[in-house]
Structure formats: C-alpha cells, structure tokens
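Report on one structure; see the data block that follows.
The values are calculated or read from the model by the stated rules, or taken from the named source; none is laboratory data. This one's a predicted model, so the numbers in the text were calculated from it and none came from an experiment. All Cβ positions, glycine included, derive from the backbone under ideal geometry; neighbour counts span all protein chains shown.
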Amino acid sequence: MGRIFVFEQAGPTAGMWQQRSVPANLAPQYHTALTNVMLKQGMTHIRPGVRKLNGVLFGADGNRTMHGMTTWKDSVDGDQIIAAAGTHLQRMPVIGGDPEDLTTAYPSGFAARTGYRTQFVHFNGCLYIVNGLDANVKYNGTTLTKMGLSAPTTLAAPTKSGGGLTMVRDYRARLVSSAANGSQESEPTAVMSVTYTEQQGAFVAPSVPSNDPQVDRWNLEARPQSGALYYRVNPTPVTLATTIGDNLSDLLLQAGTASANLLNNSLPPGPFHVLCEHQGRLVGAIGNRLYYSDQGLDAAGLYFKPDAWPPGNVINFGENGGNYITGLVSFFTSLVIGQDFGAWTIEKSLADESAREIFPLTVAPNSTGVGFADITNVAVAPGRMLFSGKDRIYQIIQNSNALRSTIAVVPVTDSVSALYRQIDYDQGGASVYDNDNKQWVFFGRGRTRRV
C-alpha cells in the first residue's frame, strides 16, 4: 500500500504526494491507495487519531510555509520525506523523526527555496526539484546540486615551452561531472587563440562556477588549423588538478574524439514552474513555453541527457489557453498540457517535430473551463485522470476510437456548483485516486469532497 502525504496548514492547501509501492509501468501519477498523513503547521500526523511524526517543525523560525513534499527511497537511511519549507529543503524519515536541512555539499551561490509551489520528479536515479523562482536543482540521496553544469567563463593562457607546434590553434574547455568519459559536460568556455612557434602549451583547469560539487573533471578541446570541428586534446576527462598539455599535430588531434559528437549540453533555459517525465525525457514549462531535455548516449555510451536542454527543444503554446502552462502530466503514451483555460495533448514522438501531433482537448459543445486549476489538482488512475478546472471537475479518458487524439475530455457531472461554492481552488488544492475504495478525493480550502 502506498502512503499519501497531505498538506493542511493555515495558508493554502499545498497538495499531496505519495510514496509509491506500485510497478513502474503504471502512469507516473497513478496511486494505488489513500492512507492519510497530514501536515498542520509544520507537524506531520497520521490518521485515524493523532500521533506526531516529528518533534521539530519544518522550515525555520519566521518562515514555515510549506511549498511541497515527496518521498525518497534511501537504501542507507531508510525511506525519507523530502520537503520544501520556508527557505529550506529538508528531509525526515518516513517512520518519524525530525527534519534536517539538505546541506550536504550544497553549492554556494544557489538561491534559497523562497516560494511558490515546489514540484518533485523522480527520474534517472535523482530527484529533480523546481519551483519557478530558484535554480532548478537535483538530489541524489547525498548531494544537492544544480540541474546541468554551468560553463566556466574563461580559460587561462597556457604556459609555453619548447615543442613541435608552429601554428595558430583555437582552444576551449568544458567542465565534466563523473569519473567516466564525459557522462555530463558543461557548455564550453569562450574560445582562446594561441600562437605557437616551435612550442607546446600547458593548460590548467578553469574555475568551477558556484563551487558545484558535481564537477570533478575537465576536458580541453582544440580546433585544427585547417578544420572547423573541435577535438579533445585529452582522450578522457582528467581531474581538475591535472594540467593538460598540447603538442599534438593536426593529424593526431583529428584522430581523437570530435566534440561535435557530444551534441549540445545546454543548461535549462530558466527556472521551471512545472516538470514531469515523458518518453524518457524531462519536460518542463516556463510561462507558455514547453521545453524537453535531450536523450541519448555520450561518446562513451553513457546515458546523461536529462541534464542537457538543447535550445531547439521547445514548443510554444502561446496564449490560446491562458497566461501560462499550469500542469504537465505523462498520461501513458500522451503528454497532457494544461493551461488556465485550455488543455492540449501531444501524441506520438515528443521530440520529432515532423511526427508529433498536438491536439486541443475540448468539451462539447465548447472548451470553456477545460484548463487545469493547478498541477496538484490532477489525479491519475488506470486509463483515466481527473482534474479540477476553473468551473468544474473534468475527466480525461483513453479513447481508442478517437479520430484525432487517443484521449478525450468529458465533464464528470453537471451538479458541481455546490462543490465549487465551497472550495476555493485558487487557494491551492489536491486530488488523489483511492484505488482501494474506488473513489476520487479532492482537497481544497473550505471543503474535502469524494467523487
């Protein structure tokens, strides 16, 4: 049985998050059961009855606002609750204990988690954390780091000594994460031109922005005198303490690894306010623009692309459905995109512009109110999902007979006016499907309802 964590506090209802205990082949937001654990004023309690799980409040004095919560399966310390409270990211054992800050190797220069709804996505062995304001970060159970690697700003001029190069050669450097062969690389530095006259050059590693602890190696790249592509001077990444020397002829340089084969390892374009996993990629939204990460293998055959966001991987939804994208849900083979007053589905391949199909999700006789109130107002079950719109509760179902899209939207019921008079979804809310009792449960400020 899974466990659902529900936020209830003096402010808005922030939502609920589940410790999943179901096979991974189910939809990401599918819940098997509802076992209430609620949080009031920074204290978690279990129901029925009241038993505190933590003796110390989440957050810090002066700011204990709860922004989000999820769970992390930790093989060493046991299952943990991860919470964004006030300006802190904290962890606490699921079985009970006191919250502690995730300060392990936390890079300097990161903004505090200062507000808005915080969303967590489990993917590729990490917990990705976004809130629309602060830097996108990830947590691997030990270290909290940024999503992607920032490019170093400068490459220092080399120390020259006698050698066999007589030419002008262009150089740039990249920072690398992991001891493996470039499992994740930063954007390159600015290009530096070096003139040799029967010389060779020795380069030192550029500095690491924000003292990012995931950076432990670096690569030096050079462009042959007669070529346009850059090639690695060092065959494999070396530790930051290692000086890289270049005395390679153009022929030897071009026999190595071409950096163009490593694709584009751009940072995310900014702080995402919603995030999900779909088709083996991370998908995030900034305003009305949808961004998706890269996918594939690096030159060493290692999977590293969730942290790479090529500039071309973007879909602009405009303002046809509202001012911004309010929710992203991977619904089996479809990606559902919710806006204030509109909803869309992307079918087939997300990353293949020539093959993907984007359809509006409409409700007969019109599409008024079909948008998501908030991502926490979405609940997924086998073959269907429910969400709170601006005017009523809607259901999205798989529709194998549809001519255009594989899913369709229908209102759950027309008798929802009393429910919406009692629940203020603009103040936050949450939805979950309780499979044991075959019911949907909707939480919001003012009332809790079951459908």
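Worth pointing out:
- Filter result for the condition that a residue is buried (at least 18 other Cβ atoms within 10 Å of the Cβ) and either farther than 21 Å from GLY59 by Cα or not β-branched (Val, Ile, Thr) (or both), over TYR116, TYR139: TYR139
- Within the stretch 81-103, not a single residue is in the same structural domain as THR142 (by TED's automatic domain parsing), in contact with a helix residue (DSSP H, G or I) (Cβ under 6 Å, 6 or more places away or on another chain), modelled with pLDDT under 85 and surrounded by 13 or more Cβ atoms within 10 Å (Cβ to Cβ).
- Checking every residue in the stretch 179-201 against the condition of being of a type in the set (A, V, I, L, M, F, W, C), closer than 30 Å to ARG113 by Cα and part of a strand (DSSP E or B) gives zero matches.
- Residues that are assigned to a loop (DSSP other than H, G, I, E, B), closer than 15 Å to LEU386 by Cα and at pLDDT below 80 occur in the stretch 356-364; there is at least one.
- Single residue of LEU165, LEU175, LEU149, LEU220 found to be surrounded by 16 or more Cβ atoms within 10 Å (Cβ to Cβ), part of a strand (DSSP E or B) and under 26 Å from the mean Cα position of the chain (by Cα): LEU175
- Every pair of residues 6+ apart whose Cβ atoms lie under 8 Å, when the first sits in the stretch 283-295 and is buried (at least 23 other Cβ atoms within 10 Å of the Cβ) while the second is of a type in the set (Lys, Arg) and not in a loop (DSSP other than H, G, I, E, B): SER293/ARG281; SER293/LYS305
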